[in-house]
Amino acid sequence: MCALAHKLEARGFPTVALAAVRAQAEKTRPPRALWTAAPLGRPVGEPDDKAFQLRVLRHALGMLERPDGPVILEDFPEDPPGLTDTPGWTPPATTGATFAAELAALMPLWHAATRRFGRTSVGLSHQQPDAWPSFADEVLAERLPVIPQLETTALSVRFLCDDIKAFYGEAAQAVGPKPSHLQVDTWFWRSTQAGALLQALRKVAMESENNALKTVGGRFFVPTPWVT
């Protein structure tokens, strides 16, 4: 979007970008950009937090009235609420000795979450959760399995990782107060068999001779702040 802003401005359309990665905005230098500390995918903050989202959008649109430039890069002055722990939230117990056991133990919570919210974002991998452990084992054994609907190992593993993260994130919100994204991420990456599995899948991908798998492994399996 930062690069596209240059094209639009050249044709007379004023732009302001919501920069998800500050370093990228510094490099591409869009005419106007506002960076927030929100995680990727949430550039204006947490879902349903309309007050915070409105403050971000008003600040961004206000930059269109600025007379200085030609490049303006600002940091939004507030931290998003997702960086603050929610009092009273307790992470699900993760007592399973294996990923498969942990997944089975969390299954009732995931079903409860889908009932609570009336939806799920799990499904990109074209596999049911009970098939994930065996597929992951094939990847760890470097046998390059492929889901027919996805056509390549790279996409098959990428969407497997996305489904696992979505499953755990939804299960974490099944009951009680809504946790912050930092609470969910800390629990997932530091306390679960699934988090350790994704780290292992990333390592296999990064060492693979399959260039597509190496690319998606480096970019999508584990967020940079949680890579070990």
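For the condition aliphatic (A, V, I, L, M), in the same structural domain as SER208 (by TED's automatic domain parsing), more than 21 Å from the chain's Cα centre (by Cα) and closer than 18 Å to LEU201 by Cα, what is the one hit in VAL139, VAL175?
Numbers: VAL175 fails: closer than 18 Å to LEU201 by Cα.
Being aliphatic (A, V, I, L, M), in the same structural domain as SER208 (by TED's automatic domain parsing), more than 21 Å from the chain's Cα centre (by Cα) and closer than 18 Å to LEU201 by Cα holds for just one of VAL139, VAL175, which is VAL139.
Here are some residues: ALA194, ALA131, ALA141. Which one is surrounded by 20 or more Cβ atoms within 10 Å (Cβ to Cβ) and over 19 Å from LEU40 (Cα atoms)? Lay out the reasoning, then the answer.
On the way: ALA131 fails: surrounded by 20 or more Cβ atoms within 10 Å (Cβ to Cβ); ALA141 fails: surrounded by 20 or more Cβ atoms within 10 Å (Cβ to Cβ).
Being surrounded by 20 or more Cβ atoms within 10 Å (Cβ to Cβ) and over 19 Å from LEU40 (Cα atoms) holds for just one of ALA194, ALA131, ALA141, which is ALA194.
Residues of the range 204-224 that are free of Cβ contacts under 8 Å to residues at least 12 places away in the same chain and in a helix (DSSP H, G or I): ASN211, LYS214, ARG219, THR224. Please specify each residue of the range 13-43 satisfying the condition of being in contact with a Lys or Arg (Cβ under 9 Å, 6 or more places away or on another chain) and β-branched (Val, Ile, Thr). Selection gives THR15, VAL16, THR36.
The values are calculated or read from the model by the stated rules, or taken from the named source; none is laboratory data. Every value quoted in this text rests on a predicted model; they were computed, and no experiment measured them. For neighbour counting, all protein chains shown are included, and Cβ atoms are generated from backbone atoms with ideal geometry for every residue, glycine included.
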